1. Quick check on my filter: what residues within region A:299-339 are within 30 Å of A:Thr152 (Cα to Cα), crowded, with 16+ Cβ neighbours inside 10 Å and over 19 Å from the mean Cα position of the chain (by Cα)?
2. Do you know which residues across region A:51-76 are crowded, with 17+ Cβ neighbours inside 10 Å, at pLDDT below 80 and part of a helix (DSSP H, G or I)?
3. For residues in region A:428-438 being at the interface with another protein chain (Cβ under 7 Å from one of its Cβ atoms) and in a loop (DSSP other than H, G, I, E, B), which is surrounded by the most Cβ atoms within 10 Å (Cβ to Cβ)?
4. Whether any residue in region B:155-168 is closer than 18 Å to B:Ala51 by Cβ, within 14 Å of another protein chain (Cβ to nearest Cβ), of a type outside the set (A, V, I, L, M) and in contact with a helix residue (DSSP H, G or I) (Cβ under 8 Å, 6 or more places away or on another chain) is what I want to check.
5. Could you name every one of the strands (runs of 3 or more DSSP E) located completely within region A:319-414 that has at least 2 residues being of a type in the set (A, V, I, L, M)?
6. Which pairs do you get when a residue that is at positive phi and not assigned by TED's automatic domain parsing to the domain that holds A:Val535, found in region A:458-482, comes within reach of a residue that is among the hydroxyl-bearing types (Ser, Thr, Tyr) and exposed (fewer than 13 other Cβ atoms within 10 Å of the Cβ), reach meaning Cβ atoms under 7 angstrom, with the pair 6+ apart or on two chains?
7. Look at region B:169-200 and say how many of its residues are in a loop (DSSP other than H, G, I, E, B), under 16 Å from the mean Cα position of the chain (by Cα) and at the interface with chain A (Cβ under 10 Å from one of its Cβ atoms).
8. Taking the conditions exactly as written (over 30 Å from B:Leu193 (Cα atoms) and either modelled with pLDDT of 90 or more or surrounded by 19 or more Cβ atoms within 10 Å (Cβ to Cβ) (or both)), does A:Leu383 satisfy them or not?
Amino acid sequence: MRVVALDAAALRLGLAPGLTLADARARVPELAAVDHDPHGDRLWLERIADGCDRWTPMVALDPPDGVTLDITGCVESFTLHTKKSVRPEPVEACPERSRRGLSFSSTVQEERQGPSTPPAASLRTGFDRLSPNGERFDSEALLAADIERRLTAAGLTLRLALADTPEAAQALARFQSLPAADERQAIRRLPIAALRLEEEAETALRRAGLKTLGDLADRPPAPLAARFGEELVAALDRLLGRADSRISPRRALPALLFERRFAEPLARTDDALAVLDDLAREAAVALEERHGGGRRFAGRLYRSDGAVREIAIETGLPTRDPAVPARLFRERIDALADPIDPGFGFDMIRLAVPAIEPLAATQLKLEGGRVAEEAMAALVDRLSIRLGRNRVRRFVAQGTHIPEQQALALPAVDLPDPAPWPQPPAGEPPLRPLHLFDPPQRIAVTMSEVPDGPPLRFRWRRNVHEVARFEGPERIAGEWWRVRVARLPDPPPSVLRQRPGRDAMDCDEEELADPADATPGRPDQPLLTRDYFRVEDVRGRRFWLFRHGLYERETDAPDWYVHGLFA
Amino acid sequence: MDALCALRNRIARIEGRRPQDAPVHAPLGVESLDRALGGGLARARLHELFAAELADGPAAAGFAAMLARLAVPPATPLLWLRQEDAERAGGGLSPSGLAQIGLDPARLVLLVPPDPVQLLRAAADVVRCAPVGAAVIELWQRPPALDLTASRRLAVAAEESGVTVLMLRVDADPAPSAAHTRWRIASAPSTALEADAPGHPAFDIDLLRQRGRPDGGRWRVEWHREQAAFRDAPLPGAVVPAAAGGPEAAPLRA
């Protein structure tokens, strides 16, 4: 067992990651150790990153223990909020400007050790007053201080750094050991480990006597690339700001974002909902200016202790009516399995509209056609939010003759206006059943006239049916152009197992539940032809049966299935 | 009858409801049946259809689809509420099958709530939404949530919004409810086409209860998609017991 991470107190005692636990215990007998849990650390890091959304929408994880924020253009908005009144402002994606990255790393394990380790913050923002625009750095420090205050309150120990590129910020947060006069100098003093190269390249550099980034920065890049590889030069350029480098944010920037911050946290969910309604009204104004509407609205509730709760809704038609998201947010909250816990209150609430879709102003029809359409769409939205989008379905016809693939059930919110269905042939009774089993259910045919004729008596669900009338066969062959693809993988082991002491007639659908066994297209064999029969028994029940495979040509003992039930 | 209607409207006003309008009827196509119903299936009402046996579920579902086809104009939306278990045990509702009955599946929205309580909640919303033409509420067995209050609520909502509600009950016994009509549906042997092929869907229907009109009556009907109407089906030799009922109840059809 080896030590993975250590807190500041342990580091001061001279312990280092990589040491065996027994060794470390020998040196410091009172060492408290916790099992390493990479998955738990990852989740915790995700939660921290969620909470960081409040400062900037551009947040990236820097696993295992870092978070990088792109605070370009966010500082001004932040100081505006902290210094002046609480005024919401749409934050839009920021075009090219001088980019600023901020990174911090925290030793996650420390948090779990509880009160035994006092949270000792080590904030390192040593480089001041480099830029003529001194005010900007002041506000950056203010932002950094806010980050530190909140995360320290959550029990984390932070190392925070601000720099011009994400890589530089990450390297400074991890490797800076001494304060420096400015950012440039701080970077030059970093050890070469900050480049995050492969072990071999690092050793080679060290052997060549190159220990800090400053040693590398002054040398011409071509010989460096020739000797130590292109990667070294690329990493160096990114770190020094010679090459453009961006973080990839965890979530896409929404088209519109509205937020409201509170000096005093809101302690009631109802109040939070009222704020969301307010934001929806603002969104409606912004959407109207752009002649657009939104189909998704995501509300994010930021709790003062850093937890974030997202509630998202969607509508079938684009909308900008603020009453629609207001109603659907309530519906969503009612349908939540675990209710929203305000805890100590929400101190920031945001509403994001991820995408704007064109929505022209509409005129009401005199006869109310548009109104009816909208009322119907609203009903579908409401039910989709409450039951889940996959439980409210519409059907789309597919161009295939395989019966179970002829219709595709899609969420109704995705499909507000489906195409009309192809017309059935005229003059015929229904040729397709009203209820279709997918997978088909196996039946035991106990009597038939000729081997490839219809069954005269069959047994399904423990009932024997005497066939009075039949029509068929209607032959539906497998799709030969799919056979080759279907042959490739190995067959899955069938779950169909006959219990000892029972014959085939006794098995019913519970035991035959394996779709791979029941449907054609089993990967190990070419698709079998199905001969369908429309069958009516003496009591007037109408079935759609098929024989799976042609006698002798495709199979020796074809199985029979009931595929559907007619009205 | 007028006096009775006036009295009913007065009571409705006292109860704070809108005075009940006489229902609009959609003719079903079989003369004696339409006469017994006072003109056909009443729109904007709650109708209950019981499958006679578990195996008659598809027949009852088909009958409900046919009534929905008749009751509302062709382009209006139709909602079908089915429980998830029903979708599994009874086979999925097939849009091709609906198209073969004459309903355009493009106007259908299928709801698959996980349990009867959610289903009835969703049904309450659906029935209150006026643009919906017809709603089929399919419930299996007898869920405790479906009591007299629930059905009364649906019936009132249907009257107010104008949605025709067809409550389809499979694997359940008829029980008192607020429905306008109550039926028992069983599949019947069809009239064979040439070469002894199964013909147009045929049903034995049994009018168990009718609000404000005499109950009772049995018919055997066939559905013809092209005419979008029911037709009398000949009874080959079988004798059906005469229905007990008032003067307007249908006599034995033969």
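1. Those that are within 30 Å of A:Thr152 (Cα to Cα), crowded, with 16+ Cβ neighbours inside 10 Å and over 19 Å from the mean Cα position of the chain (by Cα): A:Tyr302, A:Arg303, A:Ser304, A:Gly306.
2. Scanning region A:51-76 gives A:Cys74, A:Val75.
3. Residues of region A:428-438 at the interface with another protein chain (Cβ under 7 Å from one of its Cβ atoms): A:429-438.
Pick out the ones that are also in a loop (DSSP other than H, G, I, E, B) and you get A:429-434.
Values: A:Pro429: 23, A:Pro430: 25, A:Leu431: 16, A:Arg432: 22, A:Pro433: 25, A:Leu434: 29.
Here the answer is A:Leu434.
4. There is no residue in region B:155-168 that is closer than 18 Å to B:Ala51 by Cβ, within 14 Å of another protein chain (Cβ to nearest Cβ), of a type outside the set (A, V, I, L, M) and in contact with a helix residue (DSSP H, G or I) (Cβ under 8 Å, 6 or more places away or on another chain).
5. A:346-353, A:392-397, A:407-411
6. none
7. 0
8. Numbers: over 30 Å from B:Leu193 (Cα atoms): yes; either modelled with pLDDT of 90 or more or surrounded by 19 or more Cβ atoms within 10 Å (Cβ to Cβ) (or both): yes.
Taking the combined requirement at face value, the residue satisfies it.
The values are calculated or read from the model by the stated rules, or taken from the named source; none is laboratory data. Just so it is clear, the structure is predicted and the values come from calculations on it, not from any experiment. Cβ sites come from the backbone with ideal geometry, for glycine too, and all protein chains shown count toward neighbours.
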